[in-house]
Amino acid sequence: MDYESFFEQQLALLRDEGRYRVFADLERKAGAFPAATRYVGETAHPVTVWCSNDYLGMGQHQGVRDAMHEAIDRCGAGSGGTRNISGTNHDHVLLERELADLHGKESALLFTSGYVSNWAALSTLASRLPNCAVLSDASNHASMIEGIRHSRAECRVFAHNDPEDLARKLADIAPERPKLVAFESVYSMDGDIAPIAELCDVAETYGAMTYLDEVHAVGLYGPRGGGIAEREGLMHRLTVIEGTLGKAFGVMGGYIASSAALCDFVRSFASGFIFTTALPPAIAAGARASVKHLKVSQVERLRHRDRVAKVRARLQAIGIPMLDNPSHIIPVMVRDAKKCKMISDWLLDNHGIYVQPINYPTVAKGTERLRFTPTPLHTDEDIDRLVHALSDIWSQCALARTAAAA
């Protein structure tokens, strides 16, 4: 087989379909987010970032940066290895205590990313609970799907955010079997929110554990940033709450929070935890500083809501089609992969507006979109530039507008 030709042919297909991903070469500006510098060859251009998952700009927060600098000066750069051999640092222990407290749980366990925490925890629980059946929401993230698949446990997919379908599927499983219901709170591409209470009602009726992915909600929702479950007073009803440190907390890493026994069980059996180098102490220290700050500060969350509402209202006023949702995510629907890529490129090249196209397989074909994530640090002037530029390119592409157009 001509391997190189095969690789080139597959990449050519992606380009023909408008789905080939090109990484923008960006350099974030410390203390100046969402401003960044884009490099094209040797040339530098200023850009404004509109699609970062650093939802609150905490990656630029002075307290977070100071904590990381102090930890490097105190501990050095690396962690020293896996947590089991030589890599458990006091900063890891302190951060796990902070996260357990955030979610009202006995314990928490750190991983190197949100993807790894989902993959490792779900695969371990589902594979080691004898004859476990997993009930997975149809819109769950790839990391959850891969973890469940790797476990080789029976998996039944229930209709998205549908407690009645979940009940039907659970009723068909023998009562004595272990059961695990896995779902998210905020779904990152459509921005919709799960009916957590109703799903917990069903799970409790049928004796199932619940596993809630809060990665797009921690830091943003709840009086202390504990997520949608905290906002709705439901954290005590979830068996496992999983989160990330790389989005609203602005740093890196993932975690689960649960009972002491469950966290210890995952710690003891999960290959994704046992055999990987631990997060550097500076990362853990920065994350802890971010979590501690957002437990007591409402400033970032209130400003964030204001910016999201303003962008949504301005786009609605000019008839730009968006998915209606109750979260902070603004999906602008293009529904064409090539036009989605073209609009993204045009905004970047002509207006210094950086927003990545979201195409298949991240979303279904025909639902291609631009996913905007306003932050507390976007100014009114940033919003004006975005609205005017998007209106211009929308007309150039002869794309339909909604009835709300002014």
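The values are calculated or read from the model by the stated rules, or taken from the named source; none is laboratory data. This structure is a prediction, so every number in the text was calculated from the model and none was measured. Because the Cβ atoms are built from the backbone with ideal geometry, glycine has one as well, and the counts that use them run over all protein chains shown. For the accessible areas, the whole protein counts, side chains as well, though only heavy atoms, and no ligand, DNA or RNA atoms are used. Shrake-Rupley method; radii C 1.70, N 1.55, O 1.52, S 1.80 Å.
Some notes on this structure:
- Ordering Val93, Val134, Val157 by accessible surface, largest first, gives Val157, Val93, Val134; the 1.4 Å probe counts only protein heavy atoms, with every chain in place.
- Inter-label distance, nm, simple model (7 Å from Cα along the C-beta direction), Asn325/Asp201: 2.4
- Other-chain or far-sequence residues with amide H under 5 Å of Arg156's (modelled H): Val134, Leu135, Ser136
- Using a Gaussian network model of the chain in which every pair of alpha carbons under 10 angstrom is joined by a spring, one finds that among Arg65, Arg38, Arg288 the greatest mean-square fluctuation is at Arg38.
- Rolling a 1.4 Å probe across the protein heavy atoms gives the chain an accessible surface of 43 Å² per residue.
- Coil-residue trypsin sites (Lys or Arg not before Pro) of region 364-406, DSSP, other Cβ within 10 Å capped at 13: Lys365
- For the chain, modelled as a GNM whose springs connect Cα atoms under 10 angstrom apart, the maximal fluctuation among Ile173, Ile193, Ile72 occurs at Ile173.
- Shape category assigned to region 140-283 from the gyration tensor of Cα positions, a/c cut at 1.5: oblate
- Global form of region 277-406, assessed from the alpha-carbon gyration tensor, a/c cut-off 1.5: prolate
- Between region 332-361 and region 267-295, the C-alpha centres lie 34 angstrom from each other.
- Cβ-placed point charges (K, R +1; D, E -1), dipole of region 18-176 about Cα centre in debye, nearest 20: 400
- DSSP beta bridges fully contained in region 47-196 are about 10 percent antiparallel.
- Couplings for region 344-358, taken from phi via the Karplus curve 6.51 cos²θ - 1.76 cosθ + 1.60 with θ = phi - 60°, read 4, 5, 5, 4, 6, 6, 9, 10, x, 9, 9, 9, 7, x, 10 Hz in order; Gly and Pro are left as x.
- Here region 133-163 is scanned for amide nitrogen atoms under 15 Å from the site 7 Å beyond the Cα of Ala364 along Cα-to-Cβ, giving 138-140, 158-162.
- Rounded to the nearest 5, the antiparallel percentage of DSSP beta bridges internal to region 137-256 is 30%.
- Rounded to the nearest 0.05, the FRET efficiency derived from the C-beta distance between Ala44 and Ile85 at R0 = 45 Å is 0.60.
- Normalised by the number of residues in the chain, the mean separation of alpha-carbon contacts (under 8 Å, six or more apart) gives a relative contact order of 21 percent.
- Listed values for region 254-269 are Karplus-derived 3J(HN,Hα) couplings in whole Hz (6.51 cos²θ - 1.76 cosθ + 1.60, θ = phi - 60°), namely x, 6, 10, 10, 6, 5, 4, 5, 5, 4, 5, 4, 5, 4, 7, 10, and x replaces Gly and Pro.
- Helix content alone sets the calculated 222 nm mean residue ellipticity of the chain: runs of n ≥ 4 DSSP H residues at -39500 (n - 2.57) each, divided across all residues, give -13000 deg cm²/dmol.
- Only the Cβ atoms of Lys and Arg (+1) and of Asp and Glu (-1) were treated as charged; on that basis the dipole of region 332-406 about its Cα centre amounts to roughly 500 debye.
- Cβ-derived FRET efficiency at R0 45 Å, Lys338 paired with Arg97, nearest 0.05: 0.35
- A straight Cα-to-Cα reach below 20 Å connects Lys169 with the aspartates and glutamates Asp137, Glu154, Glu184, Glu198, Asp201, Glu204, residues fewer than 8 places away in its own chain not being considered.
- Long-range HN-HN contacts of Ser52 with modeled amide H, under 5 Å: Thr373
- Listed residue pairs exceeding 25 Å between alpha carbons, taken from Lys247/Lys339; Lys179/Lys247; Lys105/Lys292; Lys247/Lys310; Lys105/Lys295: Lys247/Lys339; Lys179/Lys247
- Rounded FRET efficiency, nearest 0.05, which uses the C-beta distance separating Arg15 from Val296 and R0 of 41 Å: 0.25
- Annotation: the antiparallel percentage among DSSP beta bridges lying fully within the chain is about 60.
- Among Pro34, Pro130, Pro223: highest mean-square fluctuation, GNM of the chain, C-alpha pairs under 10 Å: Pro130
- Karplus-derived 3J(HN,Hα) values for region 185-194, using 6.51 cos²θ - 1.76 cosθ + 1.60 with θ = phi - 60°, are 8, 9, 8, 6, 8, 9, x, 7, 10, 6 Hz; glycine and proline are entered as x.
- Whole-percent carbon and sulfur share, accessible surface of the chain, 1.4 Å: 54
- Chymotrypsin sites (Phe, Trp or Tyr not before Pro) restricted to DSSP loop in region 233-314 with at most 12 other C-beta within 10 Å: Phe275
- Note on the chain: with charges restricted to the Cβ of Lys and Arg (+1) and Asp and Glu (-1), its dipole about the Cα centre is near 280 debye.
- Cα gyration tensor shape for region 44-166, rounded if a/c is under 1.5, else prolate or oblate: oblate
- Taking amide hydrogens as placed 1.01 Å from N in the peptide plane, the amide H of Leu220 sits under 5 Å from those of Gly227, each at least 5 positions away in sequence or on another chain.
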